[in-house]
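Beneath this line is the structure, given in structure tokens, with notes to follow.
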2 protein chains.
Amino acid sequence: MNQHYKNLVQRLEEIAHLNGVMSTLGWDQEVMMPIGASESRAKQIAALAGIIHERTTDPALGDCLHELHETSNTSDWGAIERCNIREALRNYEMEVRIPKQLVQEIAELSSRGQGIWVAARQDNKFSDFAPVLKRFLKLKVEWAQCVLPNLQPYDANIDLFERGTTTAMITPIFERLKLELIPLIHAIQGHSHQPDTSFLRGKFEKEKQELLARKLSREIGFDFDRGRMDVSVHPFCGGGHPTDVRITTRYSESNFIESLYSIIHETGHALYEQGRPHQLGDLPVTESSTMGIHESQSLFWERMIAQSKSFCMHYFQAFREAFSDNLQAVTAEEFYRAINNCKPDFIRVEADEVTYPLHVILRYEIERGLFDGSVAVDDLPQVWNELMQKYLGIKPPTDTLGVLQDSHWSGGAFGYFPSYTLGALYACQFYQALLKEQPDTERNVAVGYFAPIKHWLNEKIHRHGKLYSPQEIVQNVTGESLNPDYFITYLKTKYREIYQLT
Amino acid sequence: MNQHYKNLVQRLEEIAHLNGVMSTLGWDQEVMMPIGASESRAKQIAALAGIIHERTTDPALGDCLHELHETSNTSDWGAIERCNIREALRNYEMEVRIPKQLVQEIAELSSRGQGIWVAARQDNKFSDFAPVLKRFLKLKVEWAQCVLPNLQPYDANIDLFERGTTTAMITPIFERLKLELIPLIHAIQGHSHQPDTSFLRGKFEKEKQELLARKLSREIGFDFDRGRMDVSVHPFCGGGHPTDVRITTRYSESNFIESLYSIIHETGHALYEQGRPHQLGDLPVTESSTMGIHESQSLFWERMIAQSKSFCMHYFQAFREAFSDNLQAVTAEEFYRAINNCKPDFIRVEADEVTYPLHVILRYEIERGLFDGSVAVDDLPQVWNELMQKYLGIKPPTDTLGVLQDSHWSGGAFGYFPSYTLGALYACQFYQALLKEQPDTERNVAVGYFAPIKHWLNEKIHRHGKLYSPQEIVQNVTGESLNPDYFITYLKTKYREIYQLT
């Protein structure tokens, strides 16, 4: 092997190992760390982050990469090596292109912005948060011009989360979704046939919820020898390596659906992480693809599988045994309808699969407007509420339940929101491809036989790591490019049946 | 502040923060890490260790230290700064004086030696382990000559664990202990009045043991806002910072004394860690003193406090409520006698406080003999068994229960064992000093009022960090140098009463 490439591998693996340590620290902080350790931990993380920054911007790494880049499209290299060089070069250039002062300003504002957002939310006072948002917009435009000067600033921000995807691609898809989903939601809302969800409220013992969460996660395919399940304030999937994947959930005694479906969601992320091709070394090619593809994996299991009728039919008996007080008089069919209840509400993270895209589209349109100057920060509460009224027919009573609800903007994460809905579209399109290749899927789910599904996702998506772009993944897995028809047809068919719409 | 000193502080704090990360990783590995992650974790630890080594041997650190050292005894510096410079210089020189090849050979043999020791123990075959021991002796002599050339090789090895302590100081103390303890053990053994310990065997629910462990640890003074308690195969006290101290124990359903007293022991270590003067920065002066002083803190709580009659009187009711099946017909007095049962046995870690020192002395004499050439590795099983017979009147039936029982030598940790007994002597001498200053101590313990005791240890020992040598600590706290009389008198008085010896 080429000496430069060997050198590159050594450098990249060291960085990957240090990032693995950082991830484990992050998990520890959310799950294990005693409250009094926050200050000392912040210093430890800063020290490690400093070392990682030093390594990732080491000019010797740059020299090595440029040397390799000049030969990387020749026949010397296979696809794996080309991917490692390409990704490492992109990361290196993104790191070194940002002036140190800009890095520091963004970091400082992220940290300060978070506190200001929390307070503004508490006080229901958007005007306190507006200056942070204005400053962040300026910094993020500057950042985009440094890092990805060939892209429009908002596209550059999207690119960070969903590589290769631009507003030019997203806008027509989102327009289509609005056109189809707004009438569907109207029809659902107008219908007299609303599912009974009363039995989902009550008292559900945490111990039983945890036993169910572990059972479902294991049966879906989470490998507990290469991972853990714990409790944290916000559910997440973390851990330091594909052999050490850590998922969390939280248990509310008054709602078992939340913990159950959040653990299925995180298990979807975890299967992707556990399925990464780490035998190729701790190198960029083994990393997961974009946020949207990652979200497609969690939503695949949460929505396409676990919110399906077959899944409910299979597991309802176990749910009823665990919570017999509440579910004794309920049928699996009624349970299926209840968990798929569609109802416009103010909060994105609690939204159902039909209304969720409109929450995302609203944010997308606002972000796009902020970047192109057609929307002013000071007008956001009004713009937000008008769009909520237009898309979901409801108006938030406060900004806390409206424009201030999400943490993303307080950390400068513009361009992130579209990933959620792109993930939902990918998931649905992948599922249709699976049905074509494995027509028995619904019957398999109905008996809890998930192995062929997991294997299919492993083979089609997980084992390729970062080898392909999200666009290539969709093409390779489904034989066509991203097509919102699958998602629209899926929702229409499912919800017409549930709500008996004509 | 001097620019060199500022530079030093920055470098030392970065190293301390990285070491804190390493500690947290070590804890995670023992307590949380899934089994499949061992290989990836080893690589992450190696990467971090490499960075720490790079930082601790950075010639720029050396230059800065030498610059400061030349002025460090002048009036420019207070005691704290002098301590930081002195300790940092010692660490730096110890790191850079060892040839890289020797570092690697020791690391490699430690890792390989561990596996060979486990196998030899399983096969009860000392001869398989002997070559490792011979090689380690050679390497550790070489190491000593590089690192502390002014000391005899065995003294250099002791110095690593118990700074400033040499065989010339230890031997007379250990001779005295033999002279006094061997007859005491004989007298105890020969006596017809043996305590009833049958009620300590039975079935004790783990949940109840854990509740008791948490209660005792909290009441003694462990701050759960700056620490955690978990389960691991071997109990230990770890964590990454005085604000993040993590203790562990293990629960056996057939023995609740083991988990209870191990958690008290680890709480003693933890109080020391939580009491370190971290407000002075993450610098050498805030570190704990030697292994022996650390052990004195765990043994102080385990033996001087928790094995006392007052402690048993106070807590017995809680123990009886938790385990009423076993303890219903037992009195606090009988419980006290049972947990202080003295009986020579083969295994050091299970030994009582009277026989324990003889286990240590035996190992000390063997190590000393190995280093001065008067004992040959191949003769160890025979030497071991002869000394066991001589000191404790028993002969191990196998080498697994004899010379192969401890892991220390498989990692090259010669000179460690004396710390255990020095710790016991320190603990006892500290306790007598406490009694002089706080004559109400026994009455306080009898009502579970530990705050003045913890406060006294905080003030006298913990808050000084590494400012004083162990010899200075003993002198400052007790007004005299280490004096084994306290320990001997304590044991004689206590065990004459328990066994009603004349």
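The values are calculated or read from the model by the stated rules, or taken from the named source; none is laboratory data. For clarity, every value in this text was computed on a predicted model and none was experimentally measured. Virtual Cβ from ideal backbone geometry, glycine too; neighbours counted across all protein chains shown.
Only one residue in A:Asp76, A:Asp58 is closer than 25 Å to B:Glu14 by Cα, touching a residue at least 12 places away in the same chain (Cβ under 8 Å) and charged (D, E, K, R), so which one is that?
Details: A:Asp76 fails: closer than 25 Å to B:Glu14 by Cα.
Testing whether each residue is closer than 25 Å to B:Glu14 by Cα, touching a residue at least 12 places away in the same chain (Cβ under 8 Å) and charged (D, E, K, R) leaves just A:Asp58.
Just one of A:Asn385, A:Asn476 is assigned by TED's automatic domain parsing to the domain that holds A:Thr290 and among the polar types (S, T, N, Q); which is it? After applying the criteria, what remains is A:Asn476.
Residues are listed down the side, and each one gets a yes or a no for (1) within 29 Å of B:Leu139 (Cβ to Cβ); (2) polar (S, T, N, Q):
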site	(1), (2)
B:Arg337	no, no
B:Asn340	no, yes
B:Ile366	yes, no
B:Met388	yes, no
B:Gly393	no, no
B:Pro397	no, no
B:Gly402	yes, no
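Scan segment B:455-489 for residues that are crowded, with 20+ Cβ neighbours inside 10 Å and within 29 Å of B:His314 (Cα to Cα) and the total you get is 7. Take the conditions (1) in a helix (DSSP H, G or I); (2) surrounded by fewer than 18 Cβ atoms within 10 Å (Cβ to Cβ); (3) at pLDDT below 95; A:Thr171 misses just one of them, which is (3). For segment A:83-101, state whether one or more residues are within 14 Å of chain B (Cβ to nearest Cβ) and surrounded by 13 or more Cβ atoms within 10 Å (Cβ to Cβ). No, segment A:83-101 contains no residue that is within 14 Å of chain B (Cβ to nearest Cβ) and surrounded by 13 or more Cβ atoms within 10 Å (Cβ to Cβ). Scanning segment A:319-339 for residues that are assigned to a loop (DSSP other than H, G, I, E, B) and over 22 Å from A:Arg303 (Cα atoms) yields A:Phe323, A:Gln328, A:Ala329.
In the set (1) of a type in the set (Ser, Thr, Tyr); (2) more than 13 Å from chain A (Cβ to nearest Cβ); (3) surrounded by 14 or more Cβ atoms within 10 Å (Cβ to Cβ), B:Ser111 fails one condition alone, (3).
Being free of Cβ contacts under 8 Å to residues at least 24 places away in the same chain and within 24 Å of B:His69 (Cα to Cα) is true for just one of B:Asn91, B:Asn150. Which residue is that?
B:Asn150
Give me the helices (runs of 4 or more DSSP H) completely within segment B:6-99, filtered to those with at least 2 residues that are within 30 Å of A:Gln274 (Cα to Cα) and of a type outside the set (D, E, K, R), ordered by residue number.
Here the list reads B:38-56.
Which residues, taken from segment B:39-69, are of a type in the set (D, E, K, R) and either touching a strand residue (DSSP E or B) at 6+ places or on another chain (Cβ under 8 Å) or facing chain A (nearest Cβ under 8 Å) (or both)?
Result: B:Glu39, B:Arg41, B:Lys43.
One residue alone among B:Arg214, B:Arg176 is of a type outside the set (Phe, Trp, Tyr) and closer than 24 Å to B:Met291 by Cα, and that residue is B:Arg176. Take the conditions (1) facing another protein chain (nearest Cβ under 8 Å); (2) closer than 30 Å to A:Gly227 by Cβ; (3) charged (D, E, K, R); B:Glu13 misses just one of them, which is (2).
Tell me the residue from B:His265, B:His269, B:His278 that is under 30 Å from B:Asp399 (Cβ atoms), free of Cβ contacts under 8 Å to residues at least 60 places away in the same chain and surrounded by 18 or more Cβ atoms within 10 Å (Cβ to Cβ), please. Within the list B:His265, B:His269, B:His278, the selection yields B:His265.
Yes/no matrix, rows are residues, columns are (1) crowded, with 23+ Cβ neighbours inside 10 Å; (2) without any contact (Cβ under 8 Å) to a residue 60 or more places away in the chain:
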residue	(1), (2)
B:Ser289	yes, no
B:Gly292	yes, no
B:Met304	yes, no
B:Tyr315	no, no
B:Asp325	no, no
B:Ala338	no, no
B:His359	yes, yes
B:Ser374	no, yes
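Here A:Leu491, A:Leu467, A:Leu501, A:Leu482 are screened, and the one residue that is modelled with pLDDT of 95 or more, outside any helix (DSSP H, G or I) and under 22 Å from A:Leu358 (Cβ atoms) is A:Leu482.
Within segment B:199-213, the presence of at least one residue that is away from every other protein chain (no Cβ under 13 Å), in a helix (DSSP H, G or I), farther than 20 Å from B:Gly275 by Cβ and within 22 Å of the chain's Cα centre (by Cα) is confirmed. Would you say B:Ser254 is within 30 Å of B:Gln500 (Cβ to Cβ) and free of Cβ contacts under 8 Å to residues at least 12 places away in the same chain? For B:Ser254, the condition - within 30 Å of B:Gln500 (Cβ to Cβ) and free of Cβ contacts under 8 Å to residues at least 12 places away in the same chain - is not met. The single condition among (1) under 14 Å from the mean Cα position of the chain (by Cα); (2) part of a loop (DSSP other than H, G, I, E, B) that B:Ala424 does not meet is (2).
Of all residues in segment A:352-369, those satisfying the criterion of being more than 15 Å from the chain's Cα centre (by Cα) and not aliphatic (A, V, I, L, M) are A:Asp352, A:Thr355, A:Arg363, A:Tyr364, A:Glu365, A:Glu367, A:Arg368, A:Gly369.
Taken over segment A:32-41, residues that are surrounded by fewer than 17 Cβ atoms within 10 Å (Cβ to Cβ) and within 23 Å of A:Cys237 (Cβ to Cβ) amount to 1.
May I ask you to verify whether A:Gln29 is in contact with a helix residue (DSSP H, G or I) (Cβ under 7 Å, 6 or more places away or on another chain), more than 9 Å from chain B (Cβ to nearest Cβ) and surrounded by fewer than 22 Cβ atoms within 10 Å (Cβ to Cβ)? Considered against the rule, which asks whether it is in contact with a helix residue (DSSP H, G or I) (Cβ under 7 Å, 6 or more places away or on another chain), more than 9 Å from chain B (Cβ to nearest Cβ) and surrounded by fewer than 22 Cβ atoms within 10 Å (Cβ to Cβ), A:Gln29 comes out as yes.
Residues in segment B:404-432 that are aliphatic (A, V, I, L, M) and surrounded by fewer than 21 Cβ atoms within 10 Å (Cβ to Cβ): B:Ala413 only.
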